[in-house]
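Asks: If you scroll down you'll find the structure; I have some questions about it.
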Amino acid sequence: MIDIQYSTEVRAAKENGTPIVALESTIITHGMPYPQNVEVAALVEQDIRDAGAVPATMAVIEGRLHVGLEPEQLQALGTAQDVSKISRADMAACIASRGTGATTVAATMIAAHFAGIEVFATGGIGGVHQGAETTFDISADLHELGQTPVTVVAAGAKAILDLAKTLEVLETLGVPVIAYGQDAFPAFWSSQSPLDAPLRMDSAAEIARAHATRRALGLPGGQLVANPIPQDDQIPAEELAPIIAAAQADADTHRITGKAVTPYLLQRIFELTEGRSLVANIALVRNNARLAAAIAQALPKNR
Ligand code: PSU
Ligand code: MN
C-alpha cells in the first residue's frame, strides 16, 4: 500500500548489497538557508559515496515516500517554500493527503527501517528543550530512538537543548548513547561537554557489532552515536552560550511553540553568529556521514 520511490542508486545498491546510509531532509528545508542547504546536501551525499556506501535522503513528495532523491529532487526540495516538517505524528497524514514534507530524525528512522536501512547520519538530534519542565517540549526523536532499530550518527545535541535532561530521557528509554573516540558527550559545535556519555566506542566495527547484537537480542530501538566535531571546526561553548540564550529569549518573546521551536532557534543562531554556526554545522555533518558509511560497511548482512 505504501508506494516507495527509490532513487536509481539506492535501487541498485539494494540489488547489489552495497551498504546504504539514510539522510534526513529537515536539515535541508528547515535547518540551513538556501543555497548552502542544497550544496551541503550534495556534499554529504558525495562523502558517503566516497566512503564506499550509497546515500538515501528521505522525503515525502506529493504523497510518495522517497528513499534517495535524484539531484533535481534535492534541488527542488531545497528551494521550495511550503514544505512541511514531518515527524512521527505527521508521516502518515502527509502521505495520505498527498503532501510534500521533509523528514526529521524520527521520520527518517521510520522511513529507513521501512526500507531496510540500518544506519543514518545527521547533524544533531532533537531532545529535551531548556525549560521543558514548564513547556514539556521533548522531541519525538528520543522516543523514536527508543523504538526503531536504526543507528543514528549525530554530533551530540545542541546547547539549545538541556543536554543533561536529554541524556536522562535517553537512558529511561533504553537508548545506548555511544561517544565515538572520547568519554565526553559532544555538544554539537563543541567536541566536549561537561557530561560523560554513558558508553564509549573507538571503532566503526565495534559500533556495528553492538547494533547487530541488539538485533540478535530482539531489542527494539536504535543506538545514538555521538561523534565529536573535528577539533579545527569547533566554536567554543563560552562564545555560543550568550548567543543561544539570546535566541532562546527571542523565541520566548515571540511565543514560538511546537515544531517551530527548533527551526526558529537554528535560524536565530545562524543570524547572530553571522553564519559561523553554519560553517561548523557543515563540517560536523560531513564528519558524521563518513563515520556512518564506515558503520554501514561493517554491519553483517542480515538478509
Ligand atoms: N537539531 C539540529 N539541526 C536540525 C534539527 C535538529 O541541530 O536540523 C532538526 C532535525 O530534523 C531534528 C528536528 O530531527 O530538527 C527536531 O525537531 P523537534 O525538536 O521539533 O523534534
Ligand atoms: Mn519540540
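Asks: Return the only residue of GLU45, GLU70 being away from ligand 2 (no atom under 16 Å from the Cβ), surrounded by fewer than 22 Cβ atoms within 10 Å (Cβ to Cβ) and outside the structural domain of ALA296 (by TED's automatic domain parsing). Please lay out each step first, then the result.
Replies: Values: GLU45 fails: surrounded by fewer than 22 Cβ atoms within 10 Å (Cβ to Cβ).
The match here is GLU70.
Asks: Separate question: Out of all the residues in region 87-103, which are in contact (Cβ under 8 Å) with a residue 60 or more places away in the chain, open to solvent by less than 20 Å² (accessible area, probe 1.4 Å) and over 25 Å from ALA12 (Cα atoms)? Explain how you work it out, then say what you get.
Replies: Narrowing region 87-103 to residues in contact (Cβ under 8 Å) with a residue 60 or more places away in the chain: 87, 95, 102-103.
Imposing the further condition that a residue be open to solvent by less than 20 Å² (accessible area, probe 1.4 Å) reduces the set to 102-103.
Listed by number, the list is empty, since nothing qualifies.
Asks: Can you name every residue in region 1-54 that is within 14 Å of ligand 1 (Cβ to nearest atom) and in a loop (DSSP other than H, G, I, E, B)?
Replies: Scanning region 1-54 gives GLU24, SER25, MET32, PRO33.
Asks: Are any residues in region 238-248 open to solvent by less than 50 Å² (accessible area, probe 1.4 Å) and small (Gly, Ala, Ser), and if so, which ones? Don't jump to the end; show me each part of the working.
Replies: Taking region 238-248 first, the residues open to solvent by less than 50 Å² (accessible area, probe 1.4 Å) are 240, 243-244, 246-248.
Residues satisfying the conditions are ALA246, ALA247.
Yes or no, residue by residue, for (1) surrounded by fewer than 17 Cβ atoms within 10 Å (Cβ to Cβ); (2) under 30 Å from ALA298 (Cβ atoms):
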site: ILE2; (1), (2): yes, yes
site: ALA22; (1), (2): no, yes
site: PRO35; (1), (2): yes, no
site: ALA51; (1), (2): no, yes
site: VAL54; (1), (2): no, yes
site: MET58; (1), (2): no, yes
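Asks: Can you give me the number of residues within region 136-159 that are farther than 13 Å from GLY221 by Cα, open to solvent by 10 Å² or more (accessible area, probe 1.4 Å) and more than 12 Å from ligand 1 (Cβ to nearest atom)?
Replies: 1
Asks: A further question follows. Taking GLY275 as meeting all but one of (1) open to solvent by less than 40 Å² (accessible area, probe 1.4 Å); (2) free of Cβ contacts under 8 Å to residues at least 12 places away in the same chain; (3) within 16 Å of ligand 2 (Cβ to nearest atom), write down the number of the exception.
Replies: Status for GLY275: all satisfied but (3).
Asks: Is there any pair with a first residue in region 106-135 that is away from ligand 1 (no atom under 13 Å from the Cβ) and a second that is of a type in the set (Lys, Arg) and modelled with pLDDT of 95 or more whose Cβ atoms are under 8 Å apart and which are 6 or more apart or on different chains, and what are they?
Replies: Pairs found: GLY116/LYS14.
For every residue, the table says whether it meets (1) at pLDDT 95 or above; (2) crowded, with 18+ Cβ neighbours inside 10 Å; (3) out of contact with any Gly (no Cβ under 6 Å at 6 or more places or on another chain).
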residue: GLU168; (1), (2), (3): yes, no, yes
residue: GLU171; (1), (2), (3): yes, no, yes
residue: VAL177; (1), (2), (3): yes, yes, yes
residue: ASP183; (1), (2), (3): yes, no, yes
residue: SER193; (1), (2), (3): no, yes, yes
residue: ALA197; (1), (2), (3): yes, yes, yes
residue: ARG209; (1), (2), (3): yes, no, yes
residue: PRO230; (1), (2), (3): yes, no, yes
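Asks: Being closer than 28 Å to PRO55 by Cα, among the β-branched types (Val, Ile, Thr), assigned to a loop (DSSP other than H, G, I, E, B) and within 16 Å of ligand 1 (Cβ to nearest atom) is true for just one of ILE229, ILE282, ILE256. Which residue is that?
Replies: Details: ILE282 fails: assigned to a loop (DSSP other than H, G, I, E, B); ILE256 fails: closer than 28 Å to PRO55 by Cα.
One residue alone meets the criteria, ILE229.
Asks: I want to confirm something. Restricting to region 213-226 and keeping residues that are part of a helix (DSSP H, G or I) and of a type in the set (A, V, I, L, M, F, W, C), which single residue is most open to solvent (accessible area, probe 1.4 Å)? Even if it seems obvious, please write down each step before you answer.
Replies: Just the residues of region 213-226 that are part of a helix (DSSP H, G or I), to begin with: 213-217.
Within this subset, residues satisfying the condition of being of a type in the set (A, V, I, L, M, F, W, C) are 216-217.
Values: ALA216: 90, LEU217: 123 Å².
Filtering first and then ranking leaves LEU217.
The values are calculated or read from the model by the stated rules, or taken from the named source; none is laboratory data. All of these numbers come straight from a predicted model, not from anything done at the bench. Cβ coordinates were reconstructed from backbone atoms using ideal geometry, including for glycine residues, and neighbour counts include every protein chain displayed. SASA here: full protein model, heavy atoms, side chains in, ligands and nucleic acids out. Shrake-Rupley method; radii C 1.70, N 1.55, O 1.52, S 1.80 Å.
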